[in-house]
Structure formats: C-alpha cells, structure tokens
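The values are calculated or read from the model by the stated rules, or taken from the named source; none is laboratory data. Note that the coordinates shown come from a computational prediction; the quantities given were computed from them, not determined experimentally. Here Cβ is always computed from backbone atoms with ideal geometry, including for glycine, and neighbour counts include all displayed protein chains.
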Amino acid sequence: MSIVPSAEAKLNAVIRAARAILEKQNFTDAARAIFDRCREMTGAASGYVALLNEKGEENEVLFLEAGGLPCTVDPELPMPIRGLRAIAYETQRAAYNNDFMNSNWVEYMPEGHVLLRNVMFAPLNLEGKTVGILGLANKQSDFTDEDAEIATVFGELAAIALANSRYLDLLREKNNALEHALSEIKTLRSILPMCSHCRKVRDDEGVWSRFETYVTQHTGTHFSHGLCPDCIRKLYPEEAEEIIEQLNAPDKG
C-alpha cells in the first residue's frame, strides 16, 4: 500500500519544481527536476519526458528513468504517438492504466522494454496544443485520479519550463544578432570618409575639416608639424642631407 503525500509535501514538491524552471540552464535539466518531483509524489518508479518532433508524428525522448529495471531498448528507436500516449495527446488530459501488460497497448512495446505494471501519461500543453508527454510507470499500487491530478500539475510546469526555455533561446538569438549588428555599425563608423585630393575628412554631421582638427576634436590629441626626410629631399634637394643631419643630431640642451 502506497503512502498518500500530504498537502504540505505536494506544495513543497511543486515549489521545488517551479524553482527548477528558473534555476536550470536548459529544458532537459528543468524537465528532469520536475519529473523527479512528480515521480516522488505519485510513487512511480520509472518514466520519461519526451517532446513531439517537428512533424508531429513521434516523441523524442529527452531522458528515460528505468527505475532500476533492465531496459535494452535502443534510445534512438522511434516512439510513435499511439496507444495510451495517443489518448493523452488527443484529450490533452492525463491518462492511466493499472493493468498495462494485459491491455491491447502492450503490443506497441518494443523488444527489451521495461516491464510495465501500470502506466500514466500527463501531457505538456502549450498554447492549446500538446507538445510533449510526461510518462510514469510501475507504481507499487494502482495509479489514482489524485495521481492524475498531481501529474497534470507537473505536466503544466514542464510546459512552462519548455516555453521559458524557448523564450530564452530566442532571446539569446536576438542578443547575438544585436551584438553582430552593433559590431557592423562600429566597423562602419570606423571607416572615415576622406577627400582624395585635399585629405580633409567628414564627420558624422557631414562637416569637412582638416584631419588634424578632426582627430583633436574626437581624441584630444594635438599635432606638431615638421617635415619628413622624403619631403625635405623633395623641397630642398641641395641642402636636404645637411638639414636631416641637423634634425637627427642629439639635443645638447
């Protein structure tokens, strides 16, 4: 005979599951924490959480808890929406069976699957659509309507976690796109328009000014003027070497 959890225990489990939505970095971790709390409250020994694939034809299992029982099923094996799972999807409500191995649905079990004394499925409903399933199995006693209500609450929490995860993923994408756009803007701003003839530059307001003036205004850097050796040779070819030598001579102060 299973022990019915108290109202306080249920509340604490729900609070811990809700906290996982904010604390976990990804949906799989949050779903696992929610599943574990649900398993504790219902007394189920095994189960899993799965999401509907893009085509809406199969479940993609995030994780599987065998409850210590042998399970050799290939985790990559497709999990079609059929049997008791299909009822949970169609009704968008928790569904359970306490004599699963003698039910018509047992034929859908793949070879090597954990033996299932009883089974319950709680849907993850999001925006009016079931987008995944929380599966529970092998409770020592029978599942009850109260267990179904508990599983429904945790299924709703898992759906909220999924919505939160998708929102955060979208936010990260938007943030990355914004950072990329800002980087491009910074690059464009670093391209300074310059007149190819007089070498004046144009600022953001369209004003043309000497390069030295622009740099001083934007960086505080001031310029001193002189002549480089090439220009000295061009302007003063006869005295160039003497002038250069004088300029390079150490200052004797």
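Annotations for the structure displayed:
- Top-ranked residue in segment 176-201 [being at pLDDT 85 or above and charged (D, E, K, R); ranked as surrounded by the fewest Cβ atoms within 10 Å (Cβ to Cβ)]: Glu179
- Output for segment 80-115, where each listed residue is more than 21 Å from Gly56 (Cα to Cα) and surrounded by 20 or more Cβ atoms within 10 Å (Cβ to Cβ): Tyr96, Asn97, Phe100, Val114
- Any chance Ala18 is touching an Asp or Glu at 6+ places or on another chain (Cβ under 9 Å) and either closer than 30 Å to Leu171 by Cβ or crowded, with 18+ Cβ neighbours inside 10 Å (or both): no
- Residue match in segment 104-112 (condition: modelled with pLDDT under 95, over 27 Å from the mean Cα position of the chain (by Cα) and closer than 25 Å to Ala30 by Cβ): no
- Qualifying helices (runs of 4 or more DSSP H) (wholly inside segment 200-249; at least 3 residues being among the aliphatic types (A, V, I, L, M)): 240-248
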